[in-house]
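Here, each number is a calculation from the coordinates, and none is a lab measurement. Remember, predicted model here, so these are calculated numbers, not experimental data. All Cβ positions, glycine included, derive from the backbone under ideal geometry; neighbour counts span all protein chains shown.
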Protein chains: 2
Amino acid sequence: MLRFEVLQTDPTCEARRGRLTTPHGQVDTPAFMPVGTRGAVKGITPGQLVDTGSQIVLGNTYHLELRPGAELIEQMGGLHRFMGWPGPILTDSGGYQVFSLAELNQIDDEGVSFRSPVDGSQIRLDPETATRIQNQLGADLITCFDQCPPHSCERGDVAAAVERTVRWAERCKAAHRYPDRQWLFGINQGGVHKDLRRACAERLAELDLPGCAIGGLSVGETHDQMVETVEEVCPLLPADRPRYLMGVGMPRDVVAAVVRGVDLFDCVLPTRNGRNGYAFTATGPIRLRNAQYREDADPLEPGCDCITCAHHSRSYLRHLFMTGEMLGPILVSIHNLRFYQRLMARLRDLIEAGCAARIIEAFPIAAATADDGYLEATDA
Amino acid sequence: MLRFEVLQTDPTCEARRGRLTTPHGQVDTPAFMPVGTRGAVKGITPGQLVDTGSQIVLGNTYHLELRPGAELIEQMGGLHRFMGWPGPILTDSGGYQVFSLAELNQIDDEGVSFRSPVDGSQIRLDPETATRIQNQLGADLITCFDQCPPHSCERGDVAAAVERTVRWAERCKAAHRYPDRQWLFGINQGGVHKDLRRACAERLAELDLPGCAIGGLSVGETHDQMVETVEEVCPLLPADRPRYLMGVGMPRDVVAAVVRGVDLFDCVLPTRNGRNGYAFTATGPIRLRNAQYREDADPLEPGCDCITCAHHSRSYLRHLFMTGEMLGPILVSIHNLRFYQRLMARLRDLIEAGCAARIIEAFPIAAATADDGYLEATDA
C-alpha cells in the first residue's frame with residue numbers, strides 16, 4: 001500500500017524528484033510538511049492547508065499522547081479522521097520532545113520515564129510504547145524512538161546515543177504491527193561526527209527499514225555543519241528509499257539539503273514566524289510590526305498566489321498585529337506556508353529540468369545571509 | 001446606487017422578505033451581519049465569511065478610528081479594500097462605544113471628548129466627525145452619531161438622550177458627503193419608554209433618511225422588553241425602508257424581531273461564543289470544555305453544512321479547546337456564524353411561504369428558554 005519512486009535525478013547535483021504513494025494519497029518530493037503538533041497546524045484549517053499546496057503534515061507523538069492520548073484518537077478513527085486531514089501524515093516518535101522538553105525522571109537502555117507537564121503523572125516512553133502509540137495514531141509514515149543528544153554533547157555521549165538509537169530501532173521494528181500500511185523510518189544520529197553518522201547508517205541499513213530520517217540537525221549546529229553532515233549521510237542511505245531531514249529548516253537549509261539528496265522536511269518556522277508577524281519573502285523577512293509598513297499597500301510578496309497576498313496589504317496585516325487580531329497570525333501563517341510550498345515546487349521543477357544546483361541563482365533567499373531577521377525554530 | 005425592495009410580506013405577521021442593493025452587492029433580508037470590530041471578524045478570513053452565507057459585515061467606527069485611523073483606511077482605498085471584503089459593509093457611528101467604553105472627559109450638546117485607550121490622547125467625536133470618519137471608511141450603510149443611554153437610566157435622562165440624538169441626526173445628515181453611495185441610517189432611541197420611542201420616530205421621520213436603526217436594545221433590558229419595544233417602533237417606521245436592530249442578539253431575539261418587521265441584525269454572539277468554546281445548535285448550547293464531549297464522534301450539529309461540521313467531531317473540537325489550539329475558536333466561530341446564517345435563510349424561506357409566525361415551531365431555539373447557557377453579548 002506504500003511506494004516510493006525516484007522519478008528523476010539531477011545530473012548537476014544529488015537532488016531527486018520523487019513520488020511517495022500512501023494509503024492516504026501521494027506526495028511529490030522533495031516535500032515540506034507543515035507541523036501539526038497537537039493534531040492541528042496552528043490556526044490553519046485542513047482546507048486552507050490544501051490551498052497552500054501542502055500534501056502531507058506532521059503530528060507529534062509526544063504531544064498527542066499527553067493530550068488527548070493515542071487511545072482516544074484511535075477510538076475516534078485515527079489521526080487522519082480526528083484532525084479532519086484526509087491526506088498523508090507522518091508522526092515523529094516523541095524522542096526529540098522527551099529529551100528536550102520533558103522533566104526526565106529516569107533514562108536507561110530500556111526507555112525513558114518522565115513527568116507529564118499536563119497532570120504530573122508518570123509517563124513511560126520506550127521503543128515498544130512509542131511504536132504502539134504511532135500504530136494507534138495511524139500515520140502513513142512513522143519513526144523509530146530515538147535518543148537525540150543536544151549539540152553541546154561530548155563525543156562519547158553522542159556515540160552512546162547512536163548505539164542506543166540503533167538498538168531501539170531494532171525493537172521498534174519488532175514491535176511495529178502494521179508495516180504494510182505504515183512505513184517505519186529509522187533515524188540516523190551522530191551529531192556532527194561523520195564517523196558516528198556513518199556507523200549509524202551502516203547499522204541501520206541492516207534493519208532494512210523502508211525510509212530513513214536524519215535526526216539531530218536542528219539542535220544548534222551551524223548551517224555549514226548541517227550541510228556537511230547531510231552531504232556525508234545521504235550517500236550512505238539506500239538510494240531507492242525516502243530521506244527525511246527532521247526539523248529543518250530555514251529556506252537556505254532546505255535548498256542545501258535538497259541539492260544533497262533529501263526528500264522530506266518539516267519545520268515550525270513558517271507558522272511560528274507567521275504567528276509572530278514575520279513574513280517570508282524571496283528577498284528576506286517582512287517584520288509587520290515595523291512602522292515602515294503602516295502605509296504599504298503592497299501584498300506581502302508581489303506575485304505570490306496565496307489568499308493573503310491576493311486580498312490583503314501589508315498595511316492591513318500590520319494593523320491586525322498592532323491590534324492583536326487573531327486574523328493576523330492566520331493570514332501570515334498561510335502566506336509563509338505557501339512560500340515554503342512554492343519553494344518546494346520550484347525545486348521540483350528545477351530537478352526535472354536537470355538544474356537544481358542553480359536554485360541559488362533563482363532564489364536569492366537560498367543565499368546564506370538571507371535568513372537574518374527571521375525567528376529561529378527554537379524561539380518561543 | 002442604493003435600493004431597498006420589500007419583495008414580500010407575510011400575512012401571518014409583520015415579517016418582510018427584502019433585498020438591499022448596494023454598490024458592493026446585494027443583501028437578502030432579513031439579514032445577519034457578523035461583527036468585524038477592527039476591520040476583521042475575529043479569526044475568520046473573508047473567504048470563510050462568504051462560505052458561512054454572510055453577505056454584509058459590520059465595522060466599528062470607534063475602534064477603527066482609534067486604530068489604524070480613518071485617514072489611513074481612506075488612503076488604502078477604503079474599508080472594503082483594506083479588509084479584503086468586497087461585499088456590503090455597515091459601520092456604526094461610534095456612539096454606543098463612546099458612551100459605554102470610553103473614559104469620557106466632556107459631553108455636551110456639541111459632542112463628546114474622551115481619552116484614547118490606545119495612547120491617552122484626547123479624541124473628539126461629534127456628529128460631523130463621526131460622519132466624516134464614516135465617509136472616509138466608505139461603508140455602504142452608515143449611521144448617525146447618537147447617544148445611547150444605559151438601561152438603568154432615569155426617564156428624564158433617556159428623554160434628553162432622545163432629544164440630543166435627533167438633533168445630532170440633523171447635523172449628521174447635513175455633514176454627509178456621499179448620500180448617493182452611502183445610506184445614512186437614523187437611530188431610534190428612547191429605552192423601553194414607548195412614548196419616547198414614538199416621539200423619536202416622528203422627529204426622525206422629518207429627516208427623511210433612507211433607513212432606520214433601532215438602538216438601545218442590547219443594553220440590559222429583558223427579552224420581553226425588547227420585543228415590546230420593537231413591536232411599538234416598527235409600525236412607526238417607513239414601510240419601504242430598511243430597519244436595523246442594533247446589537248441584537250440571541251436567536252430567539254432575532255426571530256422575535258423578524259416577526260415584528262426588522263430587516264437587519266448584528267451581534268458578537270456567534271463569534272464571542274465560538275471563541276470561548278460554546279457552539280450554537282438548534283437544541284441549545286454545546287459547551288465544548290465539558291467532559292461529556294471527550295469521546296463524542298458527532299459533529300457539533302448533525303445536518304449542518306459548515307466546514308466544521310463536515311470535517312470535525314465534538315471530540316476533536318474539545319481537544320483543541322483543552323490544549324489552547326487557536327483552530328478551536330476559529331472552527332466553532334465558523335459553525336456559529338453558519339448557524340445564524342442558516343437561521344436567517346430559514347426565516348426568509350418561511351416569509352416567502354407566508355408562515356414566518358410558525359418559525360418557533362420550526363426552530364425550538366426560538367423558544368425563550370433555549371438560550372440558557374450561552375455567553376451574553378456583553379460578557380468578556
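Structural remarks
- Debye, to nearest 20: dipole size of region A:14-153, +1 on Lys, Arg Cβ, -1 on Asp, Glu Cβ: 540 debye
- Secondary structure note: in region B:3-268, about 50% of the DSSP beta bridges are antiparallel.
- Centre separation in Å (Cα based) which lies between region A:122-182 and region A:301-352: 35 Å
- Near A:Gly247, the amide H atoms lying under 5 Å from its own belong to A:Asp266; only residues 5 or more places off or on other chains count, and H is placed 1.01 Å from N.
- For A:Thr323, net neighbour charge (Lys/Arg +1, Asp/Glu -1) across residues whose Cβ lies under 11 Å away: +3
- Taking region B:1-126 and dividing mean pair separation by its residue count, relative contact order in percent (alpha carbons under 8 Å, at least six apart): 17 percent
- Relative contact order (percent, whole number), region B:3-268, Cα cutoff 8 Å, 6+ residue spacing: 18 percent
- Inter-copy label distances at A:Glu5 (7 Å, Cα→Cβ; nm, one decimal): 5.7
- P(r) histogram, all alpha-carbon pairs of chain B included - 10 Å bins from 0, percent: 5, 25, 34, 26, 10, 1, 0
- The string of couplings for region B:58-65 from the Karplus curve (6.51, -1.76, 1.60, θ = phi - 60°) is 10, x, 9, 4, 4, 5, 6, 6 Hz, one whole number per residue in order, with x for Gly and Pro.
- Comparing B:Met226, B:Met76, B:Met250 in a Gaussian network model of chain B, where Cα atoms under 10 Å apart are tied by springs, the biggest mean-square fluctuation is seen for B:Met76.
- Position A:Glu231: other-copy label points at 8.4 nm, ordered by increasing distance, label point 7 Å along Cα→C-beta.
- Derived scalar couplings ³J(HN,Hα) [region A:300-312; Karplus, 6.51 cos²θ - 1.76 cosθ + 1.60; whole Hz; x for Gly, Pro]: 3, 9, x, x, 6, 9, 6, 5, 5, 5, 5, 10, 9
- Axis-nearest residue in chain A [Cβ, rotation onto B], distance in whole Å: A:Met326, 3
- Dipole magnitude of the protein assembly as shown, debye to nearest 20 (Cβ charges: Lys/Arg +1, Asp/Glu -1, about Cα centre): 620 debye
- Remark: region A:184-197, residue by residue, has Karplus-estimated 3J(HN,Hα) of 8, 8, x, 10, 7, 10, x, x, 9, 8, 5, 5, 5, 4 Hz, where x stands for each Gly or Pro and the curve is 6.51 cos²θ - 1.76 cosθ + 1.60 at θ = phi - 60°.
- Distance from region B:207-275 to region B:1-55 (C-alpha centre basis), Å: 14 Å
- Relative packing of peptides B:150-161, A:298-309, B:253-264 - highest average C-beta neighbours within 10 Å first: B:253-264, A:298-309, B:150-161
- Kirkwood hydrodynamic radius of region B:194-275, from inverse mean 1/r over distinct Cα pairs, in Å: 13.1 Å
- Net charge, B:Pro210 excluded, C-beta distance under 10 Å - Lys, Arg +1, Asp, Glu -1: 0
- Residue-averaged [θ]222 nm for chain A, counting only DSSP H segments that reach four residues, each worth -39500 (n - 2.57): -11000 deg cm²/dmol
- Cβ-placed point charges (K, R +1; D, E -1), dipole of region B:3-268 about Cα centre in debye, nearest 20: 540 debye
- Of A:Gly247, B:Phe321, A:Leu58, farthest towards positive along the dipole that unit charges on Lys, Arg, Asp, Glu beta carbons give the protein assembly as shown: A:Leu58
- Here is how far apart the A:Ala353 label points are across copies: 6.0 nm, shortest first, using a point 7 Å from Cα toward Cβ.
- Projecting the Cα atoms of B:Leu125, B:Thr165, B:Ala199 onto the charge dipole of region B:110-257, computed from C-beta unit charges around the Cα centre, puts B:Leu125 farthest toward the positive end.
- For A:Asp296, the residues whose modelled amide H falls within less than 5 Å of its own, excluding neighbours fewer than 5 places apart on the same chain, are A:Ser315.
- Beta bridges per DSSP with both ends in the protein assembly as shown, % antiparallel, nearest 5: 50 percent
- Binned Cα-Cα distances of region A:274-371, short to long, each 5 Å bin given as a whole percent: 3, 14, 23, 23, 16, 11, 7, 4, 1, 0
- Listed residues B:Ala291, B:Ala102, B:Ala282, most fluctuating in chain B (Gaussian network, C-alpha, under 10 Å): B:Ala291
- Selection from B:Phe32, B:Gly373, A:Thr271 lying farthest towards where the dipole of the protein assembly as shown points positive, charges on Cβ: B:Phe32
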